[in-house]
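The values are calculated or read from the model by the stated rules, or taken from the named source; none is laboratory data. Every value quoted in this text rests on a predicted model; they were computed, and no experiment measured them. Glycine gets a Cβ as well: all are built from the backbone with ideal geometry, and neighbour counts include every protein chain shown. What goes into the accessible areas is simple: the full protein's heavy atoms, side chains included, and nothing from ligands, DNA or RNA. Shrake-Rupley method; radii C 1.70, N 1.55, O 1.52, S 1.80 Å.
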Amino acid sequence: MSLDVSPALLEQAERGEVDEAEFVDCVRTSLPYAWEMISSLVDRLSAEGGEFADNRTPPPDEQARGQLLRALASDAIRGALQRHFGVRLAFQNCHRVAVFPVAPAADERLARFTSIRGQLLNQSPELRDC
């Protein structure tokens, strides 16, 4: 799953100057499922508060799953999304995305979510091949 990079954005990268807002827009249009997933979690965290907001529903198809993997496995994309939305992102399995506030109070919960124990407790036979 690659990004659909416009010639203008590619030219910026070739010159060495990339506008992050344009990069984020490229991510938004290239990975719409991932974008919607993350933005809806950010909205939910903002509306409901709490320690974090997460998704536990598997993607509807392999293309959507690929978008999540691309968005969260790429340091550049993940970092740009975190800065854009003002959150920290965490990822487990093939679909469990979580957003955490950027605040010291969330550090402990984020550490538990991303721990080895947290990963093991989030396993299920249905997700073996995701």
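Observations, loosely collected:
- When residues of segment 28-40 are limited to those that are closer than 28 Å to Pro104 by Cα and hydrophobic (A, V, I, L, M, F, W, C), the one surrounded by the most Cβ atoms within 10 Å (Cβ to Cβ): Ile38
- Within segment 41-51, the set of residues being open to solvent by less than 50 Å² (accessible area, probe 1.4 Å) and out of contact with any strand residue (DSSP E or B) (no Cβ under 8 Å at 6 or more places or on another chain) comprises Gly49 only.
- Asp75 meets all of the listed conditions (1) open to solvent by 80 Å² or more (accessible area, probe 1.4 Å); (2) touching a Cys at 6+ places or on another chain (Cβ under 6 Å) but one, namely (2).
- Selected residue [open to solvent by 60 Å² or more (accessible area, probe 1.4 Å), without any contact (Cβ under 8 Å) to a residue 60 or more places away in the chain and either of a type in the set (Lys, Arg) or within 26 Å of Ala105 (Cα to Cα) (or both)] from Arg70, Arg88, Arg15, Arg83: Arg15
- Residues in segment 44-74 that are of a type in the set (Gly, Ala, Ser) and in contact with a Leu (Cβ under 8 Å, 6 or more places away or on another chain) were compared, and the one that is farthest from Asn93 (Cα to Cα) is Ala53.
- Once segment 52-67 is narrowed to residues that are surrounded by fewer than 18 Cβ atoms within 10 Å (Cβ to Cβ) and touching a residue at least 60 places away in the same chain (Cβ under 8 Å), the residue that is nearest to Ala21 (Cα to Cα) is Gly66.
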